[in-house]
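Please read the structure below before turning to the comments.
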Amino acid sequence: MTVTWEECGWQGLASRAGRCRLPGWDCTVGLVVGDGSALMIDAGSSVGEGARLRAEAGRLLGGARVTHLALTHPHFDHVLGAAAFAEAEVFGAVGLGGVLAEGRDALRADAVHHGLPEAEAAEAVGLLVHPRHHVIGEWTLDLGGGHQALLANVGPGHTGHDLAVLVPGTPEVVFCGDLVEESGEPQAGPDAVPSRWPAALDRLLTLGGEDARYVPGHGAVVDAAFVRSQRDALARRFGVS
């Protein structure tokens, strides 16, 4: 890295992992830096936002490009910037590609409903990049120089296709997607699977352990105790154990 996370307006989480909180919907995007490779986690809410993220990542990477993109779930604020990373290898939980392909109209309508201009939503959906790699259980990415990231299909929960990303190290960092939210109550839309959500958080905690830094899809970085408390609150809310 040729500049610091903070110089680009990002938050450093570990020596080679950072994130930024995007304006508008307070959505988190992550970046994991390897040696000759880099993984972006989620892509923002529009083609323009994705392009800005690509430019910021390029500055952090000294002009190198993002080589891998992981989409944590199929909601507009996390996927509609994916066209900016069309050259990257794109990963998602198994079934995500089908949801994006078959739900284009619903994705566009949801984006517009939440305030994205119609033209931007239509452009992003029309150019949307779908996953080429479908994660069933776990998938280890070799980012070069001994650096790795583990993609884990820990859902369903917030949606039917939830992907988490573990970055090994000290501390370990877990990007949770919207399985965990800090800036508000977790959102359970029509594609949520409430009966399975607490179990997904159990898997998340097993993945990261007690000392990891957990990065919600929205809000501040939290610890294992917060994730466990949210897991218990969801279990009470939905009447599951």
*Within region 186-219, considering residues that are assigned to a loop (DSSP other than H, G, I, E, B), among the acidic types (Asp, Glu) and farther than 18 Å from LEU71 by Cα, the one least open to solvent (accessible area, probe 1.4 Å)*: GLU210
*Within region 1-48, track down each residue that is open to solvent by 60 Å² or more (accessible area, probe 1.4 Å) and charged (D, E, K, R).*
GLU6, GLU7, ARG16, ARG21, ASP35
*Pick from region 220-241, criterion of a type outside the set (Val, Ile, Thr) and in contact with a Leu (Cβ under 8 Å, 6 or more places away or on another chain), ranking: surrounded by the most Cβ atoms within 10 Å (Cβ to Cβ)*: GLN230
*asked:* Cβ-Cβ under 8 Å, sequence separation 6+ or interchain: first residue in region 195-209 and in contact (Cβ under 8 Å) with a residue 60 or more places away in the chain and within 14 Å of THR72 (Cβ to Cβ), partner in a helix (DSSP H, G or I) and of a type in the set (Val, Ile, Thr). Which pairs?
replied: none
*For residues that are of a type in the set (Ser, Thr, Tyr) and either part of a loop (DSSP other than H, G, I, E, B) or under 21 Å from PHE226 (Cβ atoms) (or both), scanning just region 135-185, find the one that is least open to solvent (accessible area, probe 1.4 Å).*
THR159
*Considering only helices (runs of 4 or more DSSP H) fully contained in region 1-118, which possess at least 1 residues that are of a type in the set (Lys, Arg) and either free of Cβ contacts under 8 Å to residues at least 40 places away in the same chain or closer than 28 Å to ALA200 by Cα (or both)?*
47-60, 104-113
*Unmet requirement for PHE226, which otherwise passes all of (1) in a loop (DSSP other than H, G, I, E, B); (2) more than 14 Å from LEU166 (Cα to Cα)*: (1)
*Given (1) open to solvent by 30 Å² or more (accessible area, probe 1.4 Å); (2) closer than 18 Å to ALA149 by Cα, index of the condition GLY115 fails*: (2)
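The values are calculated or read from the model by the stated rules, or taken from the named source; none is laboratory data. The structure displayed is predicted, hence computed values, not measured ones. Note that we place each Cβ from the backbone using ideal geometry, even for glycine, and neighbour counts take in every protein chain shown. Each accessible area value is taken on the protein alone, full model and side chains, heavy atoms only, with ligands, DNA and RNA left out. Shrake-Rupley method; radii C 1.70, N 1.55, O 1.52, S 1.80 Å.
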